[in-house]
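The values are calculated or read from the model by the stated rules, or taken from the named source; none is laboratory data. Here the structure is a predicted model, which is why all the values come from computation and not from measurement. Cβ sites come from the backbone with ideal geometry, for glycine too, and all protein chains shown count toward neighbours. Ligands, DNA and RNA are excluded from the accessible area calculation, which covers all protein heavy atoms including side chains. Shrake-Rupley method; radii C 1.70, N 1.55, O 1.52, S 1.80 Å.
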Amino acid sequence: YVETSETGAGWPEPNDQAAAMDPVKLIASDGTEIILDRQAAMVSGTIKSMLGGPGGYVEQEKGEINFPEISGKTLEQTVQYFYYKLRHTNPSSNHTLPEFKIEPESALELLMAANYLDT
């Protein structure tokens, strides 16, 4: 993404192709920033509540959410799962789902993140 002096928000210009994706920025405990499509972010019940629920969360206005308890690596894998779920969740399809591979050493941290994010 390109930060511009006009928008000041770090998001692409409105005529940029990436702007059409309605981005959300997730920030991990180590400062890692992941920009993803709002539709993918909404796979998480927690993120969905923060971005779309009543109550006027700051996250709704800024379009970014900080996760001080989730590492960059774990957050990246979680976002990969959001896209995996979007791509492979189709009730009319009768194909077998490809495996979503998880390294054993990161399984516990991913499980805790998935629980927090309600995915």
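The table below gives the values:
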{"item": "Largest to smallest accessible area among Asp37, Asp22 [probe 1.4 Å]", "result": "Asp22, Asp37"}
{"item": "Cα-based equivalent ellipsoid, the stretch 27-119: semi-axes from gyration tensor eigenvalues, Å", "result": "23, 18, 10"}
{"item": "Solvent accessible area, Å² - Ile102, 1.4 Å probe, full protein context", "result": "80 Å²"}
{"item": "The stretch 57-112 - accessible surface per residue (Å², probe 1.4 Å)", "result": "75 Å²"}
{"item": "Low-density loop positions, trypsin sites (Lys or Arg not before Pro), the stretch 67-119 - DSSP coil, at most 11 other Cβ in 10 Å", "result": "Lys101"}
